[in-house]
Amino acid sequence: MNAEFENKVALITGAGSGIGRAMAIAFAQQGAKVVVADLDTENAEKTTAEIGEAAIGLSVDISDEAAVDRLVAQSLDAFGRIDVLCNNAGIMDDMALPADTSTDMWDRVLRVNLSGTFLVTRAVLPQMLTQGAGAIVNTASEAGIRGGAAGVAYTASKHGVIGLTKNVAWAYAKEGIRCNAILPGPTLTGIAGPTPNFDPAGSARLQPVLALPASLAEPHQMASVAVFLASEAASFVNGAIVPVDAAWSAA
Ligand SMILES: NC(=O)c1ccc[n+]([C@@H]2O[C@H](COP(=O)([O-])OP(=O)(O)OC[C@H]3O[C@@H](n4cnc5c(N)ncnc54)[C@H](O)[C@@H]3O)[C@@H](O)[C@H]2O)c1
């Protein structure tokens, strides 16, 4: 085991599945203690069991401020510090065109993907400021830099995550806190499952981008970049938006 993250604690949201699960395993392999946080308690427990005693599983809805405060308090009770925060939990929209997007879909996606990322960040920052160090890695998306890769709600939410990433990086650079984002290309996870009210017309409009040649990544290929961004090797990388997509966005 590499000792890079020995005595360090990583809090990872959405760690019950897909990219977050791979991040939890990757940080544990590097010696970290890991908080496996997810809305899906059963999946959080599964990831926790895979990792063993270095992990605890906590159930949270990141869009719920009180639940987020409880998550951070429970994490600190268990491990006493938080060195790494991976804001990874997120949901898709229904690929609808803007005129066809319901208020409910807009609110739900923005609330989880953007407000949830903000709420967890804000709740963890006081601890990182006390420590004088911390690394935050946000999972944004190619839809955070492109207009044609998802519906309007998801696209706006991920553009927001990029703004949040840069603002946090800029605001706390002098306090030893770094904040970066990865932009995963298409990755084999649970998120691509059936979407409620999936809109075929919206999806067809996105085809020029979605049809660009893209390799399908494995979640561990996202996790290893998150580990790098949180590591000492990336100590001068702050406010960076890093595509992890085998050149998909370079096309
Ligand atoms: N898979 C891809 O192709 C892809 C591409 C770009 C970006 N992303 C982003 O990667 C991140 C991880 O997604 P994934 O692909 O691993 O999907 P996934 O569905 O496998 O995992 C997402 C996890 O987040 C959890 N979650 C959802 N809402 C939550 C909430 N309110 N509070 C706490 N947990 C919640 C889910 O229960 C799930 O375990 C997301 O932010 C997603 O937008 C994924």
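Here are the numbers:
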{"item": "Mean accessible surface per residue for region 9-250, computed with a 1.4 Å probe while every protein chain stays in place, in Å²", "result": "43"}
{"item": "S231 - accessible surface, heavy atoms, 1.4 Å probe, Å² rounded to 10", "result": "10"}
{"item": "Label-point separation in nm, T41 to A246, each point 7 Å along Cα→Cβ", "result": "3.8"}
{"item": "Theoretical gain in end-to-end length, E53 to D107 [0.36 nm per residue, Cα-Cα removed]", "result": "15.7 nm"}
{"item": "Sites A201 and N167, calculated FRET efficiency, Cβ-Cβ separation with R0 30 Å, nearest 0.05", "result": "0.30"}
{"item": "Region 84-194, dipole about Cα centre (Lys/Arg Cβ +1, Asp/Glu Cβ -1), debye to the nearest 20", "result": "440"}
{"item": "Dipole in debye (nearest 20) - region 9-250, about Cα centre, beta carbon charges: Lys, Arg +1; Asp, Glu -1", "result": "680"}
{"item": "Those lysines that a straight Cα-Cα span of less than 27 Å connects to K158, excepting residues fewer than 8 apart in one chain", "result": "K166, K174"}
{"item": "Cα-Cα P(r), region 9-250, percent of pairs per 5 Å interval", "result": "1, 7, 15, 19, 21, 17, 11, 6, 3, 1"}
{"item": "Carbon and sulfur %, accessible surface of the chain computed with the full protein complex present, 1.4 Å", "result": "55"}
{"item": "Highest average packing first - 15-24, 94-103, 237-246, 118-127, Cβ atoms within 10 Å", "result": "15-24, 118-127, 237-246, 94-103"}
{"item": "Extension gain (nm, one decimal) between E232 and A73, 0.36 nm per residue minus Cα-Cα", "result": "54.6 nm"}
{"item": "Centre separation in Å (Cα based) which lies between region 91-105 and region 1-23", "result": "31"}
{"item": "Ellipticity estimate at 222 nm from DSSP helix runs (n ≥ 4, -39,500 (n - 2.57)) divided over the chain, nearest 500", "result": "-12500 deg cm²/dmol"}
{"item": "Virtual spin-label span in nm between R122 and D100, 7 Å along Cα→Cβ", "result": "3.5"}
{"item": "Alpha-carbon centroid distance for the pair region 119-162 / region 209-251, whole angstrom", "result": "14"}
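The values are calculated or read from the model by the stated rules, or taken from the named source; none is laboratory data. If you're wondering where the values come from, they're calculated on a predicted model, not measured in any experiment. Because the Cβ atoms are built from the backbone with ideal geometry, glycine has one as well, and the counts that use them run over all protein chains shown. Note: accessible area is taken over every heavy atom of the protein model, side chains too, but ligands, DNA and RNA are not part of it. Shrake-Rupley method; radii C 1.70, N 1.55, O 1.52, S 1.80 Å.
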